[in-house]
2 protein chains.
Amino acid sequence: MNMVYFDHNSTTALKSEVLKTMLPFMTERHGNPNSRHMFGRNARDAVEHARAQVANAVGAQASQVVFTAGGTEANNFAVSGVAGNLAHGQILTSAVEHPCITRPALAMQHRGWHALNINVNADCKLDMHHLHNLLAAPTNLVSVMLANNETGVIQDVAAISELARQYKAYMHTDAVQALGKIPVSFSDIGVHAMTLSSHKIGGPLGAGALVLDKRVDIQPLLYGGGQEKGLRSGTENVAAIVGFGTACELAIQNLGHFAKHTQTLRDRLEDGLASMKAVIFGESAQRLPNTSFFAFANESGEVIEGETLVTALDKAGFAVASGSACSSDSTEPSHVLLAMGIDPDVARGAVRVSFSASNTIEQVEAFLKALAQEVSRIRQMTAIAA
Amino acid sequence: MNMVYFDHNSTTALKSEVLKTMLPFMTERHGNPNSRHMFGRNARDAVEHARAQVANAVGAQASQVVFTAGGTEANNFAVSGVAGNLAHGQILTSAVEHPCITRPALAMQHRGWHALNINVNADCKLDMHHLHNLLAAPTNLVSVMLANNETGVIQDVAAISELARQYKAYMHTDAVQALGKIPVSFSDIGVHAMTLSSHKIGGPLGAGALVLDKRVDIQPLLYGGGQEKGLRSGTENVAAIVGFGTACELAIQNLGHFAKHTQTLRDRLEDGLASMKAVIFGESAQRLPNTSFFAFANESGEVIEGETLVTALDKAGFAVASGSACSSDSTEPSHVLLAMGIDPDVARGAVRVSFSASNTIEQVEAFLKALAQEVSRIRQMTAIAA
């Protein structure tokens, strides 16, 4: 069976053009960029070329890009690195951040900092009033994601940055899900630090970046050989970094097409979902064009479990997610939906579809057909069991 | 010009058999191992297969392997993770550890722990008497590498572990340089934790591991989605992990040949070096078979700078290192040689040759010829300048 992949927010396939630029660094052009000989210098040149490509994709300077092994590391680095270099104060994170922001913040709490959540409304948008109130206490860092991985809802990070700066707090944004799907500009949104990841945009796993205002005094997370100007030690993953650079360049070139194409697919999907009376989370907010997060709850309040639907759809040939991939092995309802005030039972029904430019309208039509069948079948089974 | 690569302790080429096992996971078999659908389950199976391969290479159980993005991360994790979960005490590291052990230990010092160096003797071997004395104060962790990256000198980690355990300290060893060059057994040497790296054994960059006794309560370095049983969050780098697994399997298969072949090359090299009156560091200690670390100092005490020789040899077609690659952009003499009591001027002359099984005796002969020419040329130039 030819599986259809609709889980691109979790990880998306490496683009063949990207792999092509990586392969020389996995074969004859091996070398440690810290070595002085020819192999080392070639590797260094490749890393610096990729640094410029990544910077260019987000309107930053190459010298502002610190390479990491991925988005999780960059987010941990931002939280513990920025707050860790300041006197104990508050770390404010939105209630819908990825756990790789909120959990390092909680770990800092054990070391004397205070980690607090900023509320969101029913549409997943940050409660600016709550942020304003929280900023009354001395705050080291505010971290709010540019776009949510589950709902796709886009935050007004420029306005949040402006408020944070008024209170002399550093501002970080996790732009992992936004990159390649909507325009992202490091300077325009006024943040001090921004996280990027390679494998969400058709680059390889193993590369990410923290884009960083050089005036921010940050503590390394990884100490050692002093790579990345002492900010991130460890031999640079040359091939992955090269691939990340290429993927950034392609993502920017293809941004218009990606947005238009996936929006068309999403519109068709959500027309179908509406006719099936699905709840679509964050529907009325501005969202990433490729993401739809929904659940089925009938009039009598019976919800189809997201896990059940994901398993049924997998058997029917469609790969979709129930909440974020990272929490897929958990049966807890999505913390994002709970923060939006969604009933926990409805939240347990959540299923996420996330498209890439490689998906087609025919796949969406076939998916809607399979979905209708599975929903009907599961409801019948539940009715018999009850 | 066809460059000869003699810098395998810095990074060694990805084996073609390894790349072959990785490529499916960089093309059609993409997927996040945390997803429940078919793509996710396939990726999970591949990661778990690799985990067994890595465990098997060091006589450990698969459940003891925690994957990281590399050796630097695993070493940082070991130091800050083990000590960070204990009351403030001492962290003892040998004076010849890689900076990715000593620098995180120093960072812990700012948080209330004490970081102290254990002396080594002129042969780079740990001073057991000094360790014994240091252990009189409450000690959280002792970290001593299995084999030194610069000199290749092998420590008696089993004896060090035994002593550390007598004093209820946890014992960690950095086995990055030992793996694939000498037999490494996690259980036989009695350590609580051991660091491994993929790209030093013909695997890709981007993968490493901390092999960990499950009784050790360790704090994560990277928080987030809860991967690796909550010990190391971040989407698993599936292709790199698969490559690391294959590389481990091959390294164990080829260990006998590697040792015999590189020792033959090293013996020939050092015969030549002896006739050129080079100083060979750690020569009388047990060393990795592939590594030679040396300098040229004449009767009047004039030393040829290592950097000068590396640059000259690079032009002549040979890639070698001056001290460890990570510190190649530094002009400080090697901290390893200083800890061994080597005169700083002599230490500045240090050049490292590290072989792999792909190197040949003809390359060594050609190298000795080029080396003799360059040494003679540089000495003449220095004499003219003086």
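The values are calculated or read from the model by the stated rules, or taken from the named source; none is laboratory data. Because the structure is predicted, anything quoted here is derived from the model rather than measured. In this analysis, Cβ positions are derived from the backbone assuming ideal geometry, glycine residues included, and neighbour counts consider all displayed protein chains. The accessibility values were calculated without ligands, DNA or RNA, using every heavy atom of the protein model including side chains. Shrake-Rupley method; radii C 1.70, N 1.55, O 1.52, S 1.80 Å.
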Restricting the range A:310-329 to residues that are part of a loop (DSSP other than H, G, I, E, B) and either surrounded by 16 or more Cβ atoms within 10 Å (Cβ to Cβ) or at pLDDT 95 or above (or both), the one nearest to the other protein chains (Cβ to nearest Cβ) turns out to be A:SER328
Taking into account only those residues within the range A:29-42 that are over 20 Å from B:GLY70 (Cα atoms) and within 8 Å of another protein chain (Cβ to nearest Cβ), which is most open to solvent (accessible area, probe 1.4 Å)?
A:ARG36
For the range A:338-378, enumerate the residues that are among the aromatic types (Phe, Trp, Tyr) and either open to solvent by 10 Å² or more (accessible area, probe 1.4 Å) or in contact with a Lys or Arg (Cβ under 7 Å, 6 or more places away or on another chain) (or both).
A:PHE355
Filtering the range B:267-285 down to residues that are loosely packed, with under 15 Cβ neighbours inside 10 Å and part of a loop (DSSP other than H, G, I, E, B), which residue is nearest to the chain's Cα centre (by Cα)?
B:SER284
More than 8 Å from chain A (Cβ to nearest Cβ), buried (at least 23 other Cβ atoms within 10 Å of the Cβ), in contact with a Phe, Trp or Tyr (Cβ under 8 Å, 6 or more places away or on another chain) and modelled with pLDDT of 95 or more: which single residue out of B:GLY243, B:GLY203 fits that description?
B:GLY203
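Tell me yes or no: at least one residue of the range A:77-85 is part of a loop (DSSP other than H, G, I, E, B) and at pLDDT below 95.
Here is the first cut: in the range A:77-85, the residues part of a loop (DSSP other than H, G, I, E, B) are A:85.
Now restrict to residues that are at pLDDT below 95: A:85.
Yes - at least one qualifying residue is present in the range A:77-85.
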With the condition kept exactly as written, say whether any residue in the range A:36-46 is under 30 Å from A:VAL82 (Cα atoms), in contact (Cβ under 8 Å) with a residue 60 or more places away in the chain and of a type in the set (Gly, Ala, Ser).
yes
Going residue by residue through the range A:43-58, is there one that turns out to be at pLDDT 95 or above, over 27 Å from A:ASP213 (Cβ atoms) and either touching a helix residue (DSSP H, G or I) at 6+ places or on another chain (Cβ under 9 Å) or surrounded by 24 or more Cβ atoms within 10 Å (Cβ to Cβ) (or both)?
yes
Can you tell me which of (1) within 29 Å of B:VAL191 (Cβ to Cβ); (2) away from chain A (no Cβ under 14 Å) is the one B:ASP45 doesn't meet?
(1)
Hey, can you tell me all the residues within the range A:189-200 that are more than 9 Å from chain B (Cβ to nearest Cβ) and open to solvent by 10 Å² or more (accessible area, probe 1.4 Å)?
A:ILE189, A:GLY190, A:HIS192, A:LYS200
Given the options B:GLU307, B:GLU299, B:GLU374, name the one that is outside any loop (DSSP other than H, G, I, E, B) and either farther than 21 Å from B:HIS98 by Cα or more than 14 Å from chain A (Cβ to nearest Cβ) (or both).
B:GLU374
For the range A:225-238, pairs from a residue that is more than 7 Å from chain B (Cβ to nearest Cβ) to a residue that is of a type in the set (Val, Ile, Thr) and open to solvent by less than 30 Å² (accessible area, probe 1.4 Å), with Cβ under 6 Å and 6 or more apart or across chains, are A:GLU228/A:VAL66; A:LEU231/A:VAL66; A:ARG232/A:VAL66; A:ARG232/A:THR68; A:GLU236/A:VAL47
Restricting to the range B:330-341, name every residue that is part of a loop (DSSP other than H, G, I, E, B), farther than 15 Å from B:GLY152 by Cβ and at pLDDT 60 or above.
B:THR331, B:GLU332, B:PRO333, B:GLY341
For the range A:77-119, how many residues meet the condition of being in contact with an Asp or Glu (Cβ under 9 Å, 6 or more places away or on another chain), surrounded by fewer than 21 Cβ atoms within 10 Å (Cβ to Cβ) and within 13 Å of another protein chain (Cβ to nearest Cβ)?
1
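Quick test for you: out of A:ALA169, A:ALA122, pick the one residue that is out of contact with any Phe, Trp or Tyr (no Cβ under 7 Å at 6 or more places or on another chain) and either of a type in the set (D, E, K, R) or open to solvent by 10 Å² or more (accessible area, probe 1.4 Å) (or both). Please lay out each step first, then the result.
Numbers: A:ALA169 fails: either of a type in the set (D, E, K, R) or open to solvent by 10 Å² or more (accessible area, probe 1.4 Å) (or both).
Testing whether each residue is out of contact with any Phe, Trp or Tyr (no Cβ under 7 Å at 6 or more places or on another chain) and either of a type in the set (D, E, K, R) or open to solvent by 10 Å² or more (accessible area, probe 1.4 Å) (or both) leaves just A:ALA122.
Condition check: open to solvent by 20 Å² or more (accessible area, probe 1.4 Å), within 14 Å of chain B (Cβ to nearest Cβ) and closer than 25 Å to B:GLY81 by Cβ. Does A:GLY208 satisfy that? Break it down into steps so the answer makes sense when it comes.
Working: open to solvent by 20 Å² or more (accessible area, probe 1.4 Å): no; within 14 Å of chain B (Cβ to nearest Cβ): yes; closer than 25 Å to B:GLY81 by Cβ: yes.
Here the answer is no, as A:GLY208 does not meet what is asked.
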Residues of the range A:11-43 that turn out to be more than 20 Å from B:VAL310 (Cβ to Cβ) and either in contact with a Gly (Cβ under 8 Å, 6 or more places away or on another chain) or in a helix (DSSP H, G or I) (or both), as a count:
16
Here is a check on your reading of the model: is B:ALA62 at the interface with chain A (Cβ under 9 Å from one of its Cβ atoms) and open to solvent by 10 Å² or more (accessible area, probe 1.4 Å)?
no
